[in-house]
Each structure stands twice: as C-alpha cells, then as structure tokens.
1. Do any residues in segment 79-98 that are free of Cβ contacts under 8 Å to residues at least 24 places away in the same chain and closer than 12 Å to TYR119 by Cα have Cβ atoms under 9 Å from those of residues that are of a type outside the set (A, V, I, L, M) and not in a helix (DSSP H, G or I), where the two are at least six apart or on different chains, and which pairs are they?
2. If you check ALA145, ALA151, ALA100, which single one turns out to be aliphatic (A, V, I, L, M), over 23 Å from GLN64 (Cβ atoms), part of a helix (DSSP H, G or I) and more than 19 Å from the chain's Cα centre (by Cα)?
3. Under the condition of being within 19 Å of GLY16 (Cβ to Cβ) and among the acidic types (Asp, Glu), which residue from segment 109-168 is surrounded by the most Cβ atoms within 10 Å (Cβ to Cβ)?
4. Which is touching a Cys at 6+ places or on another chain (Cβ under 9 Å) and aliphatic (A, V, I, L, M), of ILE59, ILE89, ILE65?
5. For residues in segment 43-95 being under 21 Å from the mean Cα position of the chain (by Cα) and among the β-branched types (Val, Ile, Thr), which is surrounded by the most Cβ atoms within 10 Å (Cβ to Cβ)?
6. Give the number of residues within segment 2-36 that are at positive phi and of a type outside the set (Gly, Ala, Ser).
7. If we keep just the residues of segment 1-42 that are farther than 23 Å from ASN61 by Cβ and in a strand (DSSP E or B), which is nearest to the chain's Cα centre (by Cα)?
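Only the coordinates and a few stated rules stand behind these numbers; no lab work does. Small disclaimer: the values here were computed from a predicted structure and weren't measured. Ideal geometry is used to build each Cβ from the backbone, glycine not excepted, and the neighbour counts take in all protein chains shown.
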Amino acid sequence: MENTNIMYKVKNRSSGKVTYSVTYNGNKMHQVYNPGETKVVPYEELRQLSYQHGGPELIYNYLQISKEEVLKELNINPEPEYYMSEAEIKALLQTGSMDAFLDCLDFAPIGVIDLIKKYAVELPLNDFNKRKAIKEKLGFDVDAAIKNNEASKEEVKQAETPTRRVVEKEEAAPARRTTPKYNIVNKQ
C-alpha cells in the first residue's frame with residue numbers, strides 16, 4: 001500500500017470484547033472493541049497487528065475489515081462467509097439453503113458463528129434441520145437456549161409487583177346527618 005495513513009472501518013463481530021496493542025511510529029496503540037462496535041483505524045495499525053503472534057487469527061476470526069484489498073495486503077485469505085453482514089446471516093437462517101448453511105457452519109469465522117447462535121435464539125430459528133445441524137456441528141442446543149430465554153422472561157414477569165385487578169369500594173366514614181344546635185351563652 002502506498003499510503004499507510006488511509007483509514008478503514010473495522011468491526012468486532014464476536015460476542016465478547018476484542019483487545020489488542022500495537023506499536024508503530026514510536027507510539028503504542030491500544031484498542032478495545034465492544035461486541036458489535038465499529039472503529040476507523042489506519043492501515044498501519046492493521047499491518048502491525050498482522051505481524052504480531054495471533055494477529056492474523058484475531059483479524060480473521062473476530063474483526064471484519066470493510067475492504068477486501070486490505071486483507072490481501074495483510075496475507076489474510078478469508079472464506080466467503082467472512083464478508084457476511086448481520087442481515088445476510090439472518091437471511092441464511094430463515095430462508096437460506098441447507099447446503100449454504102452447512103458450508104457456513106464449516107467455514108465461517110468464530111465471529112459469524114457467534115452471530116448464528118445469537119440469531120438462532122433471538123429470531124427464533126424455526127427450521128428443525130438447521131437447529132439439528134447447529135447442535136451437531138457446534139454443540140449448541142438452540143432448543144434449550146430458547147427454553148432458558150423464555151424461562152428467564154417468565155422470572156422477570158413474576159418478579160414484578162402484582163397489582164389488584166378488582167378494587168374494593170372503600171367504606172366512607174360515617175357522616176353526620178344533622179347539624180348540632182349549640183346554645184351560645186355569654187358570660188359577662
């Protein structure tokens with residue numbers, strides 16, 4: 001790359017925080033990405049990360065770089081599933097072919113696998129064969145996760161303070177029906 005100051009979008013696609021530290025131009029850079037967070041970073045920072053032990057795996061499995069040419073420059077050759085967006089993952093779960101889904105489970109980076117698990121529970125995934133494939137390939141039981149999710153929602157619902165649906169009429173305090181007569185006596 002000619003200009004190492006070009007900025008690129010980098011997104012954390014995993015379900016946990018991603019952290020790395022690199023040193024370049026005499027400065028130490030420390031980055032922390034929260035789940036789903038996107039940052040704009042210079043190419044040189046990505047290049048230095050790719051030189052570190054575990055750096056290419058971190059980029060491939062957890063971070064998504066917006067430009068394909070950057071990955072080629074960093075000698076990272078991802079599978080097509082690397083480039084999938086959240087919308088494409090949801091579409092694959094809901095309407096995608098079984099073969100495409102199985103390829104995704106076999107070749108996708110960890111960040112995409114995390115999103116598959118997340119959306120399988122949130123949507124929820126209604127395709128029994130895809131649920132079975134997730135359990136066999138990933139060891140993640142979608143049915144159990146959905147049941148646990150529903151149970152925790154019930155616990156929250158029960159924890160709310162109950163209110164009465166039938167309000168009893170309050171009895172009014174007895175009131176005087178007549179006004180008492182007082183004799184005013186002047187003592188002078």
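1. GLU88/GLY96
2. ALA151
3. Among them, the one singled out is ASP114.
4. Values: ILE59 fails: touching a Cys at 6+ places or on another chain (Cβ under 9 Å); ILE65 fails: touching a Cys at 6+ places or on another chain (Cβ under 9 Å).
Unique residue meeting the criteria: ILE89.
5. Looking at residues that are under 21 Å from the mean Cα position of the chain (by Cα) and among the β-branched types (Val, Ile, Thr), I get ILE59.
6. 1
7. LYS28
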